[in-house]
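What follows is a short report on a single structure.
The values are calculated or read from the model by the stated rules, or taken from the named source; none is laboratory data. In this text the structure is predicted, and so the values were computed from the model without any measurement. Using ideal geometry, Cβ is built from the backbone for each residue, glycine included, and neighbour counts are taken over all protein chains shown. Areas reflect the complete protein model, heavy atoms only, side chains present, ligands, DNA and RNA absent. Shrake-Rupley method; radii C 1.70, N 1.55, O 1.52, S 1.80 Å.
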Amino acid sequence: MGKYICLLLITLSFSAKGNDISAPFGFEWGQSYQQIGKKVKLTGCSTRKHLMVCETTKPIKKVSYGERYMVVIDNKYGLQKIILVSENINSDIMGIEGKALYNKVKHSLTTKYNIPQKDEYLEERDFKSQDEFYKCLKSDSCGNWASFWKAKDGSSALIELKGLSGGKGYLMLTYQSNKWEQIIKLVSKENKKSDHDAL
């Protein structure tokens, strides 16, 4: 560990309440591009292999802190992943505003899905200056401010507080369906085959 870093990692053996983590913001796992498009304006769509990634600023159910919502749609299984990126948190030197938002979202998810299976936090007492909180979060070697839930069926949710610069950061919230790991394995297998065939 570096001089300024202390990472507290707690791994808990709790499963999410119920058997699955449902799609957020009014969406449903398995929805096609056409089904989503009837309710939400999707922009900036790009496709790689059989996955389409699109954005919206107005999901079916919006949260007050949300700025962008990204949906990942598989051409066979439909909607399988959703990412929320919050509005930037500015002039928050000590991370008070960011941590308050993080704790608010974590409380909501804990109420729905039980205690997270994994929590990671930065230990602030090692910081030499007050504005190092978001700077530290931005660094790959500085640990995370994150909580992770995984249900019995394999669906999951992750909240992360991200750093941009001194006093500036944002919240990111990622949901994945119970088919996501299977899809990623298939994409990886296809990439390896494509690379092999190209040689």
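Checking each residue in region 167-196 for being open to solvent by 30 Å² or more (accessible area, probe 1.4 Å) and modelled with pLDDT under 90 picks out ILE184, LYS185, LEU186, SER188, LYS189, GLU190, ASN191, LYS192, LYS193, SER194, ASP195, HIS196. Can you tell me which residues in region 92-109 are surrounded by fewer than 17 Cβ atoms within 10 Å (Cβ to Cβ) and either among the aliphatic types (A, V, I, L, M) or touching a Lys or Arg at 6+ places or on another chain (Cβ under 8 Å) (or both)? ILE93, MET94, ILE96, ALA100 - these are the residues of region 92-109 that are surrounded by fewer than 17 Cβ atoms within 10 Å (Cβ to Cβ) and either among the aliphatic types (A, V, I, L, M) or touching a Lys or Arg at 6+ places or on another chain (Cβ under 8 Å) (or both). Would you confirm, using the coordinates I've provided, whether SER91 is outside any strand (DSSP E or B), over 25 Å from LEU109 (Cα atoms) and small (Gly, Ala, Ser)? Taking the combined requirement at face value, the residue satisfies it. Can you work out which of the residues in region 26-84 that are assigned to a strand (DSSP E or B) and of a type in the set (Asp, Glu) is least open to solvent (accessible area, probe 1.4 Å)? Once the filter is applied, the top-ranked residue is ASP74.
Within region 45-59, residues that are touching a residue at least 24 places away in the same chain (Cβ under 8 Å) have Cβ atoms under 7 Å from residues that are in a loop (DSSP other than H, G, I, E, B) and open to solvent by 50 Å² or more (accessible area, probe 1.4 Å) in these pairs: HIS50/ASN75; HIS50/LYS76, counting only partners at least 6 apart in sequence or on another chain. Here is the figure for region 69-115: residues that are within 19 Å of LYS58 (Cα to Cα) and touching a Ser or Thr at 6+ places or on another chain (Cβ under 6 Å) total 3. Quick one: is MET94 at pLDDT 95 or above and among the aliphatic types (A, V, I, L, M)? No: the conditions fail for MET94. Checked against (1) aliphatic (A, V, I, L, M); (2) at pLDDT below 95; (3) over 19 Å from the mean Cα position of the chain (by Cα), ILE36 passes all but a single condition, namely (2).
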